[in-house]
Amino acid sequence: MPKWVPRAIVVFWLGFLGALVARELFHQLSSFVLLLLVSMFLALAIEPGVNRLARRGWRRGSGTGLILFGVLAFCILFVGAIGTLVGSQVADVLTNSKTYVNDTVDFVNSTFNTHIDPAEVNASIAKPDGPVQTFINNQRGKAISLSTSALGVLFQMLTVSLFTFYLVADGPKMRRAICSRLPAARQRTVLNTWDLAIEKTGGYLYSRALLALISAFFHWIAFQAIGTPAPVAMALWVGIVSQFLPVVGTYLAGVLPLLLTFLDSPLKALVVVGFILVYQQLENYLFAPRITARTLKVHAAIAFGAAMVGGAVLGPLGAVMALPASAMIQALASSWGTRHDVIDDELVRVVEKPVREKRARRNSKKS
């Protein structure tokens, strides 16, 4: 037997056992790694604000605590307001279920020329062993599990807040400790990369917040005109959820105002669906490309692919964090390597009108 065979067998089994240990550790620490990634994302997002407060004489700890408190307070108030609204609507539906059933059946009969008896529908809903009552009874037994899940989410929020606070408050010390282990050239590379990550994350949040504000404004006007219950709260819900949950956020955000409007009038609910679909097209082709191009400067195909990959790996949080990460990777990749002059060919020719020419044409049209 050659001498290298026993060594190869030992190396193989050691590698196999090491892979099993690494897999088990990753499985056990995956939740902690996700919380740490979220904390790093929030730290990069709020550090520009903390730096501005620090330049005005604030301590970094006080500035970080103030911004984090504001973010947490807004999230708690927003979720609490939406939860209160949904709870009141559910209670109203349970109290006046017969009225809602009669109105819905009358709408279906008049629209689709059917002959459904409202009394039979109400009787099937009130039947103790019917599917509706069975579903309600099953949900009552899940109250304890929902309370436990809520406590778990609250604990995770506190953990993320604590990590974020230390990452931002002690940011200069941490970066100084990292740079002290590197030569001067590497230090500049690390600091430039860190600054780029802050810029792209801040640009992402700025673009999302601006798009959420525009979306909330237009949806508020539409919901107010249509007669949707709580139009301001529903417009804020649609604006925030649709922008901060990529890919599926728009459809998830539109479900709540659709259901609340359907309880009032099925015809109004159809109008709500139509407006949400029309506005989504306007946002995709008019608002989002211009705002995102000025903040993230990332190609639309790269942003879409990054959101899909991030969502597949880490869920909704991964989809949110993937966009600034893709913008940072694209910016870093564009700065690497040697650039050469491109030959003149029709396949690579980009025709752009000068800004002065565009302004001159606009002025001539106005005059």
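We did not get these values from a lab; they are worked out from the coordinates using the rules stated. Given the structure is predicted, the values throughout are model-derived calculations rather than measurements. All Cβ positions, glycine included, derive from the backbone under ideal geometry; neighbour counts span all protein chains shown.
The trypsin sites (Lys or Arg not before Pro) found in segment 139-224 that occupy coil by DSSP, while having at most 14 further C-beta atoms within 10 Å, are 142, 181. For residue 174, the shell of other residues with beta-carbons less than 14 Å away shows a net charge of +3, using +1 for Lys and Arg and -1 for Asp and Glu. Could you tell me what % of all Cα pairs in segment 58-179 have separations over 21 Å? Beyond 21 Å sits 64 percent of the P(r) for segment 58-179. When you filter the trypsin sites (Lys or Arg not before Pro) in segment 29-106 for DSSP loop state and at most 16 other Cβ atoms inside 10 Å of their Cβ, you are left with 56, 59. Between segment 155-172 and segment 7-26, the C-alpha centres lie 34 angstrom from each other.
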